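Just so it is clear, none of the values below were taken in a lab; they were calculated from the coordinates. Note that the structure is a prediction, hence the values are computed from the model and not measured. Every residue, glycine as well, gets a Cβ built from its backbone with ideal geometry; the counts of neighbours run over all protein chains shown.
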Amino acid sequence: MKKSLYLSLALIAFPLFTSCNDDDDKGKDTQGPKITLYTPADGQHMHKGDELIVKFQLADESGIQSYKLDIHSAAGHTHEHDDHVHTRAEELKNWSYQKVYTDMKGQKEADVQLDLGKVPTDIKGGDYHLGVLATDSFGNETQHFITIEVE
């Protein structure tokens, strides 16, 4: 009887001594990289054929894994609260640019300047989203979108 009592007490006490330890998560990066976009400015007006230079800074405690530049039509959707539902009433020839970069891999802070050349002359005028998306070495992601107007 004493043996089963001790066994029962041991089974009850076991979870108390082996519960999750908050120290396991200390030091793990759970925040995505910080993105500071310098140019172009949100709402900037551009003309077809204008030079487009994108300047921004990335910073992350664990190091930058990669970043992506994304330009696409703003028609039919928003990027508020990481909303990525894209719907379009009609398909027109829109400007679209996407490229992933890994040249800053491992750096904790990076100043980036991308010379994209000229805004294409054969695109539909209107509002476009320009976004910088960044991933750190833990896989945390951050995105920052602005709207530029192309005439």
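Side notes on the structure shown:
- Long pairs among LYS48/LYS105; LYS28/LYS118; LYS34/LYS118; LYS68/LYS124, criterion Cα-Cα beyond 31 Å: LYS48/LYS105; LYS28/LYS118
- Rounded FRET efficiency, nearest 0.05, which uses the C-beta distance separating ASP115 from LYS28 and R0 of 35 Å: 0.45
- The ratio of the alpha-carbon radius of gyration of region 29-150 to the globular-protein estimate 2.2 N^0.38 Å is 1.08.
- Note on LYS68 and LYS48: with the Förster distance fixed at 30 Å, the Cβ-Cβ geometry gives a FRET efficiency of about 0.80.
- When peptides 42-49, 144-151 are sorted by average Cβ neighbour count within 10 Å, with the highest value leading, the order is 144-151, 42-49.
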